[in-house]
Amino acid sequence: MILYVEGVDDVSFFSPLVGELEIRCEPAYGKINVSELAGRLVGGATGYAVVMDSDLDDFIGGKISHPSVYYLPCYSIENLPALDEVLDIVASEYCGRSEAGGEAVDALISHLRDHGETYYDTVVYDVVTRLAGEPNALVPSHCDVIFGNKPGLTMCADWKESVRTAVRELGRNHEAVRAQLSLLQPYEVVIRYLRGHIIFGLLRRLFSKVVRLMTGQRVNVDNRAFLRMLSDAFWRNRGDVASMVHAGVSGAVRHA
């Protein structure tokens with residue numbers, strides 16, 4: 001039995017769960033490829049299950065309905081461990097829980113609340129550009145794109161204005177989507193769709209800083225290794241989100 005996921009990072013994240021379910025986890029190398037595999041299931045294929053990021057499919061449509069297809073309840077895999085209780089474990093066990101470490105995690109949460117409106121613009125931009133079939137190169141997938149070289153800073157003024165300009169121009173043709181997004185508070189949108197990317201980047205910086213202070217050496221924390229740390233804390237926490245994802249993936253595998 002095979003569980004197909006989008007990428008290699010996803011394999012690392014789901015490894016603890018895959019071992020428990022006694023299945024093999026394989027990357028499909030992209031959303032397009034994993035969507036094609038899901039489509040084959042609808043066409044009658046058997047012997048595997050599929051897990052995909054929701055991305056913004058709740059807004060732009062196109063989700064594939066099949067018992068062996070499970071969509072993560074978030075924008076992407078990085079959003080799953082971006083929970084307060086998981087971050088607390090990471091700060092404690094991997095960053096060395098110090099007063100500074102605890103304050104840093106709290107600061108990340110506060111930053112999201114303070115800049116929710118800015119990130120909300122980014123989510124809207126992503127939705128309308130995809131609907132219009134335009135390139136969405138401005139949509140951030142990493143913390144560095146959002147903050148530049150310094151954590152805690154909002155995006156640069158010209159980048160921010162380009163987002164708002166695109167929203168104004170493209171949004172005229174997609175008022176229904178804009179209206180749907182407007183029902184959510186900006187902070188809620190960030191939590192649902194972009195929080196994982198922001199938290200992941202800032203926590204990776206914090207972890208690098210702590211290691212440098214402890215060892216006296218500069219380190220470049222590998223994204224995949226750091227994601228494994230987060231996933232370990234996520235699955236061990238056994239919180240509501242972890243239990244929900246566990247049930248969803250298990251259900252898809254059982255129906256395969």
For the ARG218, TYR29 Cβ pair and Förster radius 25 Å, calculated FRET efficiency rounded to 0.05 is 0.20
Contour minus Cα-Cα span, ALA247 to SER162, at 0.36 nm per residue, comes to 26.5 nm
Expected vector for segment 248-256, Karplus 3J(HN,Hα) from phi with 6.51, -1.76, 1.60 and θ = phi - 60°, integer Hz, x for Gly and Pro, equals x, 5, 4, x, 5, 5, 4, 7, 5
The ³J(HN,Hα) series, computed from each phi in segment 126-132 with the Karplus coefficients 6.51, -1.76 and 1.60 at θ = phi - 60°, rounded to the nearest Hz and given as x for glycine or proline, is 4, 4, 5, 5, 5, 5, 7
Taking SER243, SER12, SER92 and counting other beta carbon atoms within 10 angstrom, the fewest-first order is SER243, SER92, SER12
In nanometres, the difference between 0.36 nm per residue of separation and the alpha-carbon distance of ARG236 and GLU117 is 39.5 nm
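Where a number appears in this text, it was derived from the coordinates with a stated rule and is not lab data. As the structure is a computational prediction, the values presented were derived from the model and not from experiment. A quick note on method: Cβ atoms are made from the backbone with ideal geometry, for glycine too, and the neighbour counts reach across all protein chains shown.
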